[in-house]
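Below is one structure; the comments refer to it alone.
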Amino acid sequence: MALLNIQNVSIRGVSAALPKNVEYVKDYHLFSENEAKKFSASTGIYERRLANKTTTASDLCFDATEKLLDNLKWGRKDIDCLIFVTQTPDYVLPSTSCILQNRLNLSKEAVVFDISLGCSGWIYGLMTISNLLNTGTFKKGLLLVGDTITKTCSFEDKSTYPLFGDAGTATALEFDENSMGLKFHLSADGSGADAIHIPHGGYRYQTSKKSFQNEIFGNGITRKPLNLALEGMNVFSFGISKAPQSIKKLIDHFGINFDAVNYFIFHQANFFMNEKIRKKLKIPEDKVPYTLSEYGNTSCATIPLTIVDRLAKNTLNSKLEIIACGFGVGLSWGSVWFNLDNIVCPEVIEI
Amino acid sequence: MDKEKFLQNVLEQFEETDASQIKMQTEFLNLDEWDSLIALSVIAMIDDEYGVKVTGDDIRNSKTIEDIFKIVESKV
């Protein structure tokens, strides 16, 4: 089982950046007034932030990182490694992390690379960068996690378009021998690969004329093979079983005191699904913060965005025990237990 | 698996529909209240009560509640 304990790493700060542009579910052209109400009541999503044509996920992450480094007073040349987690990179190649290395003015000796994951991306990124830092060879690392997933959605697909929003985040980590450590459980199941996917545009089905042809599925779903396709019922069925299992495995394996955990932060998929997960684990409501109403599902960014937006004030002078759980596209999922001890957490930036 | 209990569990997912309208042979797509959210509630109920994962295709390939019952029964 993919369970691991990383001893010598601490999170020092988290920041998030959002596009200014707001779209409201009630204004969505495929919903009647009643449908919009029903959609918002069940998904918990009322509005989202959408990046404009020229803003990429790396732009959002760049701004979040600049703010975080300034507040941490970390020198650019002191960063030993940077990981960028996204499924909406600037280019097919090169890796966006290389572009960010230059833009952020990091050392050319820094280790930088991309990871392609969505809903579980922050957890996997955290595991990877923590391992890089754990031996002490590298002292400071940046985990940039963001997507402009709305750019993949068809405007004529009511099963995707009103669910998603865009966001970029940055998490700063440091080698720390006095750390409480980070504990992980990670998992994947590619048999569900088509539950959330973009059929064309990779190298299995290269972009062709057909990629731009609309396909009408009925019931308010029209999209091209270049758009994100979501098999909602399968994702739901997956999420409500695997997310609680993962958290249970984490707690059982490491003997974590369930009641001592201050907050459980779930990937913000939708309210109906997340509440099923919360109830299955018998977690009190006040320990499970949500940001769905304002930002929707922002793919890999939801967990750090929720930390910044909902917990920033609590992290100023206190110590929090947190369990986070990401689940979705891949299918891929995982959970992590960690501490936030007096971290730097600037308010959400709007660009 | 108890059929009556299963029907009862499905009925509980509906809020507006008169319970006497729903039988094992009812084609659920024809019920006014049936929508994707009820479908998700049924999936969640089956997960909770029977520990079985049903997929979107399972629901789409079913016409009646009896059809769903048979799928769950085959997976238990």
Subject >> Count of segment A:225-247 residues which are surrounded by fewer than 22 Cβ atoms within 10 Å (Cβ to Cβ), more than 11 Å from chain B (Cβ to nearest Cβ) and either out of contact with any helix residue (DSSP H, G or I) (no Cβ under 6 Å at 6 or more places or on another chain) or on the phi > 0 side of the Ramachandran plot (or both) >> reply: 1
**OP:** For segment B:1-57, name all the residues that are hydrophobic (A, V, I, L, M, F, W, C) and within 12 Å of chain A (Cβ to nearest Cβ).
**Re:** B:L29, B:L37, B:I38, B:A39, B:L40, B:V42, B:I43, B:A44, B:M45, B:I46, B:V52, B:V54
Original post:
Tell me, which residue of segment B:4-40 that is in contact (Cβ under 8 Å) with a residue 24 or more places away in the chain and over 16 Å from B:S62 (Cα atoms) is surrounded by the fewest Cβ atoms within 10 Å (Cβ to Cβ)?
Top reply: B:E12
Original post:
Which of the residues spanning segment A:267-288 are without any contact (Cβ under 8 Å) to a residue 60 or more places away in the chain and closer than 17 Å to A:W122 by Cα?
Top reply: A:Q268
Original post:
Quick one: how many residues across segment A:156-198 are assigned to a loop (DSSP other than H, G, I, E, B) and not basic (K, R)?
Top reply: 13
Subject >> Criterion (within 17 Å of B:I59 (Cα to Cα), out of contact with any Cys (no Cβ under 9 Å at 6 or more places or on another chain) and not polar (S, T, N, Q)) met by exactly one of A:G202, A:G232 >> reply: A:G232
Original post:
Within the bounds of segment A:210-224, is there any residue that is surrounded by fewer than 16 Cβ atoms within 10 Å (Cβ to Cβ), assigned to a helix (DSSP H, G or I) and more than 11 Å from chain B (Cβ to nearest Cβ)?
Top reply: yes
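Residues checked against (1) out of contact with any helix residue (DSSP H, G or I) (no Cβ under 8 Å at 6 or more places or on another chain); (2) outside any helix (DSSP H, G or I); (3) surrounded by fewer than 23 Cβ atoms within 10 Å (Cβ to Cβ); (4) not small (G, A, S):
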| site | (1), (2), (3), (4) |
| --- | --- |
| A:D70 | yes, no, yes, yes |
| A:K77 | yes, no, yes, yes |
| A:F84 | no, yes, no, yes |
| A:V92 | yes, yes, yes, yes |
| A:C98 | yes, no, yes, yes |
| A:N102 | yes, no, yes, yes |
| A:N105 | no, yes, yes, yes |
| A:K108 | no, yes, yes, yes |
Original post:
Scanning for something within 10 Å of the chain's Cα centre (by Cα) and not in a helix (DSSP H, G or I), does segment B:47-62 turn up at least one residue?
Top reply: yes
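Read-outs: derived from the displayed coordinates by stated rules, not from any lab. Since the model is a prediction, treat every value here as computed from it, not as a measurement. Here the Cβ is made from the backbone with ideal geometry for all residues, glycine too, and neighbour counts use every protein chain on show.
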